[in-house]
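Inspection log for the structure reproduced underneath, given as C-alpha cells.
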Amino acid sequence: MNRSDTRTRTRTEPLDRRLARAIQRVTAAALGPYQAAVVRIGFAAAWLLFLLREFPHRHELYGPDGPWSWDMGQQLIANNHAFTVLMWSDSTVWFETVYALAVLSSVLLLIGWRTRTMSVLFMVGVLSLQNRSIFMGDGGDNVVHLMAIYLVLTRCGRVWSVDARRAARPGPTRDPLGPVMWVVLAFGLVAATLFIDRTGEPWLLVLLWMLWAAQGLWWLVCRYAPGEPRVLADVLANLVHNATLVVIMAEVCLIYATAGWYKIQGSRWQDGTALYYPLKLDYFTPWPFLSDVLAASGLMVMVLTYGTVFVQVAFPFTLFNRRVKNVLLVAMMLEHAGIALLLGLPFFSLAMIAADAVFLPTVFLLWLGARVRRGRDRLLPGTRRVPPGRRPAAEEPGPRTLVG
C-alpha cells in the first residue's frame, strides 16, 4: 500500500477511530527519541565547551573576582528571585565545587549516563552560574537557559546513551548505585530548602522536590508493581515528554519569528546593508581577512542580509511542508556556522544549531548514527554491540533504576 492509499484510508475512517489512533500514538511511546537525543548532546556539548573555554576566566565571569560582586549578586537575587546555589556562600571553595559539578554533569549528560539525574544537575549548574552574573553571555546563554529546563522533562536518554546500552542488555537490571544517589540528592534538596532565602526562585525548588519524589515512585512501581501501574507511569512519562518536545519546537519557531520580524523593522535590514556593519567591528572579526573579503562584495552582503530575514520569517510557516522545511533548516544551520566563523560566536551558534536539530528528519539521524557507529567500531574494534534480536532502546521501557 502506497502513501496515497494510506492517506485515503485515514480520511475515510470515522472520527472516533482517528482520535483513538492519535491518542494511542501520543501515549504509547516517546516521540522523536533521536531528535531529543541530539538536543541533549548538542546543548550538553555547547555548555561543556563554554565552561572549558572560560575555565581560566571563571573567577572573573561568575566567581569572587568578577565585577558583579557577591553582595551585588545577593541584592539582585533578592529582587528577581532567580535560582542559584552560588549565593549560599561567597567562599572560593564553594564556587569551585559548583563549577566542577557543572562540568561533570555536562559530560555525563553528553554521554547519557543517569540521564534523568544528570539533566537535573545540568539545569542546576546552568541556572546557578548564569543567574550569578546575568550580564555575561552572547545570546546563546538564553537558549541554553531555557533548554536546560526543558530537557529535565524529556526522555532524552532513550537512544544514543549509556542508559540505552544498559537497558538493551539481556537479563534483569541491578542498580545498587541508584538508591545511593537518590539519598545523596535528598540531602542536597534539604540544604537548598534551608537556604531558600538565598537560593532564589521557590517554584523551581518545588519542582526539584517533585522530580525527586517522582524518581522514588518510579522505582517503587517498577520493582513492586510491574503491571498496570508501570504502564500508567510510562503513559504519563510519554505525555510529558511529547508535550515538552512540542514546547521546544514552538520555542525555536518563536525565536526565529520574533528575530525575523524585528529585523524587518530595521532600516539597515530593509536596505540590505545590516551584515556590513558587524563585519567592520574589531570585536566581531576573529578572521579580519575573511570579513574584509565578504564586506567588499556589496552583492553578497545584500543577498546574505535579505536571505537571513527571509529564512527566519519563513521557517515557522514551512513546518507542514517537509521538503521546504528541510531546505530552510540546512540554510539556518549554515547561517549559524557562518556566524561562528565570521563573527566569533561559536557557542551561540552551537546552541542554536542544537535547538534546530529538533526538526531534523529521523531518517537523516539514523543515517548519521550508523556512520558514527561505523567510525566508532573502526577506532574501537572491541566495542560491545546490542545482542541480536533485542529491540532498540527507544522501543523498550527504561531501566528499572531509582535514579537514571
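The values are calculated or read from the model by the stated rules, or taken from the named source; none is laboratory data. Here the structure is a predicted model, which is why all the values come from computation and not from measurement. Neighbour counts run over all protein chains shown; Cβ positions are idealised from the backbone, glycine included. Ligands, DNA and RNA are excluded from the accessible area calculation, which covers all protein heavy atoms including side chains. Shrake-Rupley method; radii C 1.70, N 1.55, O 1.52, S 1.80 Å.
Looking only at residues of segment 221-274 that are of a type in the set (Ser, Thr, Tyr) and closer than 30 Å to Val301 by Cβ, we find that the one that is surrounded by the most Cβ atoms within 10 Å (Cβ to Cβ) is Tyr256.
Kindly provide the set of residues from segment 91-124 that are part of a helix (DSSP H, G or I), open to solvent by less than 20 Å² (accessible area, probe 1.4 Å) and over 17 Å from Arg198 (Cβ atoms), ordered by number. Quick ask: steps written out before the conclusion?
To start, the set of residues in segment 91-124 that are part of a helix (DSSP H, G or I) comprises 92-111, 115-124.
Of the ones still in play, those that are also open to solvent by less than 20 Å² (accessible area, probe 1.4 Å) are 95, 98-99, 102, 105-106, 109, 115, 117-119, 122-123.
Across segment 91-124, the qualifying residues are Tyr99, Ala102, Ser105, Ser106, Leu109, Thr115, Thr117, Met118, Ser119, Phe122, Met123.
Residue check: is Trp47 of a type outside the set (Lys, Arg) and under 14 Å from Leu86 (Cβ atoms)?
Details: of a type outside the set (Lys, Arg): yes; under 14 Å from Leu86 (Cβ atoms): no.
No.
The sole residue among Leu31, Leu15, Leu19 that is at pLDDT 80 or above and open to solvent by 30 Å² or more (accessible area, probe 1.4 Å) is Leu31. Selection of segment 35-90 for residues being closer than 30 Å to Val358 by Cα, assigned to a helix (DSSP H, G or I), of a type outside the set (A, V, I, L, M) and open to solvent by less than 60 Å² (accessible area, probe 1.4 Å) yields Gln35, Arg40, Gly42, Phe43, Trp47, Phe50. Kindly indicate whether Val144 is in contact with a Phe, Trp or Tyr (Cβ under 8 Å, 6 or more places away or on another chain), under 18 Å from Leu207 (Cα atoms) and buried (at least 22 other Cβ atoms within 10 Å of the Cβ). Judged against the criteria, Val144 is not a match.
Suppose we filter Gly188, Gly157 for residues that are surrounded by 13 or more Cβ atoms within 10 Å (Cβ to Cβ), closer than 23 Å to Leu220 by Cα and free of Cβ contacts under 8 Å to residues at least 12 places away in the same chain; which single one remains? First the steps, then the outcome.
Working: Gly157 fails: free of Cβ contacts under 8 Å to residues at least 12 places away in the same chain.
That would be Gly188, the only listed residue that is surrounded by 13 or more Cβ atoms within 10 Å (Cβ to Cβ), closer than 23 Å to Leu220 by Cα and free of Cβ contacts under 8 Å to residues at least 12 places away in the same chain.
Starting from residues that are among the hydrophobic types (A, V, I, L, M, F, W, C) and surrounded by fewer than 19 Cβ atoms within 10 Å (Cβ to Cβ), keep the ones in segment 315-328 and report whichever is nearest to the chain's Cα centre (by Cα). For segment 315-328, the residue satisfying everything is Leu319. Out of the residues in segment 48-94 that are in contact (Cβ under 8 Å) with a residue 24 or more places away in the chain and hydroxyl-bearing (Ser, Thr, Tyr), state the one that is farthest from Ser106 (Cα to Cα). Only one residue tops the list, namely Thr92. Checked against the criterion of being over 21 Å from Val85 (Cβ atoms), modelled with pLDDT under 90 and among the β-branched types (Val, Ile, Thr), segment 171-192 contains one or more residues that satisfy it.
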